[in-house]
Amino acid sequence: MTQEPFITLAGVRKGYRTGSDAIPIFTALDLAIPRGDFVAIMGPSGSGKSTLLNMLAGIDVPDAGSLKVGNYRLDQMGETARSSWRAHNMGIVFQFYNLLPMLNAAENVELPLLLKPLSAGERRSRVAKVLDLVGLSGREKQYPSMMSGGQQQRVGIARAIVSDPKLLLCDEPTGDLDRKSADEVLEILALLNRTLEKTIVMVTHDPQAARSAKRTLHLDKGLFVEEKRAA
Ligand SMILES: Nc1ncnc2c1ncn2[C@@H]1O[C@H](COP(=O)(O)OP(=O)(O)OP(=O)(O)O)[C@@H](O)[C@H]1O
Ligand SMILES: [Mg+2]
């Protein structure tokens, strides 16, 4: 039996309009990502990697074509439905962490849970669990300014998975890190993929980061080419 892909883009068209100029980015993009995949997306600056990630996150929608994630046709959903979908179904990790400086690590991680009907005790135990997963037990009370970039990114990952989404989107998660911190972050992502079966789509400029993924897709001129790897 062949299983339906977790993520399917079919004939996706997307462009931006600045004044009277229309800038096409994708004219007919197709993509299938199976459940449990860990895919790296590489490509030149401006090729549309973040645009694609924003569509997968339900932040932006295709101009035409279909985009399905799990059982949801994101292209057919309105803004309100998509924002509720986002709260339950995906986590996102940013290049510059996007932590709130006036909140400590635990409070930053707890933020997405405040939208859910959970008791303070349940929230605390979930926060403790994901901080432990990313190796930050005991640092709950530290503020972002007291942490290294690698530690801040691990807080960012904990925040992205605290609601237990099946889909994890990462936009250059190691782009601002030294090699050692980058490798630690990549190890955590691989672990989340392997043991918690998160489907991960990671945009990266770093070939070494891409090798942590199960496969690499190169985006160029609006199309994907899959990288061949030696066995
Ligand atoms: N909100 C917007 N309005 C107008 N044009 C945009 C908008 N967002 C992106 N673009 C344009 O769309 C194209 C693709 O942008 P995108 O940010 O997806 O590229 P990228 O592959 O993520 O690049 P980078 O590697 O630099 O992050 C670029 O030409 C960009 O200028
Ligand atoms: Mg980008």
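Listed values, structure above:
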quantity: Residue in region 60-75 that is polar (S, T, N, Q), open to solvent by 30 Å² or more (accessible area, probe 1.4 Å), within 16 Å of ligand 1 (Cβ to nearest atom) and out of contact with any Leu (no Cβ under 8 Å at 6 or more places or on another chain) present; calculated: no
quantity: Residue within region 219-226 that is of a type outside the set (Val, Ile, Thr) and either open to solvent by less than 30 Å² (accessible area, probe 1.4 Å) or at pLDDT 95 or above (or both) present; calculated: yes
quantity: Some residue of region 208-216 being within 16 Å of ligand 1 (Cβ to nearest atom) and of a type in the set (A, V, I, L, M, F, W, C); calculated: yes
quantity: Filter pass, Gly36 being within 16 Å of ligand 2 (Cβ to nearest atom) and at positive phi; calculated: no
quantity: Matching residues, region 84-97, being of a type in the set (Gly, Ala, Ser) and open to solvent by 30 Å² or more (accessible area, probe 1.4 Å); calculated: Ser84, Ala87
quantity: Close pairs (8 angstrom Cβ cut-off, 6 or more residues apart or separate chains): closer than 21 Å to Ala32 by Cβ and open to solvent by 10 Å² or more (accessible area, probe 1.4 Å) in region 44-55, more than 6 Å from ligand 1 (Cβ to nearest atom) and of a type in the set (D, E, K, R) anywhere; calculated: Ser47/Asp220; Ser47/Lys221; Lys49/Asp171; Ser50/Asp171; Thr51/Lys14; Thr51/Asp60; Asn54/Asp60
quantity: Complete set of residues in region 9-41 that are surrounded by 17 or more Cβ atoms within 10 Å (Cβ to Cβ) and either within 20 Å of Gly70 (Cβ to Cβ) or more than 9 Å from ligand 1 (Cβ to nearest atom) (or both); calculated: Leu9, Val12, Phe26, Leu29, Leu31, Ile33, Asp37, Phe38, Val39, Ala40, Ile41
quantity: Of residues in region 98-137 being of a type in the set (S, T, N, Q) and part of a helix (DSSP H, G or I), the one surrounded by the fewest Cβ atoms within 10 Å (Cβ to Cβ); calculated: Ser125
quantity: Which listed residue is in contact with a helix residue (DSSP H, G or I) (Cβ under 6 Å, 6 or more places away or on another chain) and among the hydrophobic types (A, V, I, L, M, F, W, C), from Leu169, Leu189, Leu223, Leu217; calculated: Leu169
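The values are calculated or read from the model by the stated rules, or taken from the named source; none is laboratory data. Quick caveat: nothing in here was measured; it's all calculated off a predicted structure. Positions of Cβ are generated from backbone atoms using ideal geometry, with glycine treated the same way; all protein chains shown enter the neighbour counts. Surface accessibility is based on the protein's heavy atoms, side chains included, excluding ligands, DNA and RNA. Shrake-Rupley method; radii C 1.70, N 1.55, O 1.52, S 1.80 Å.
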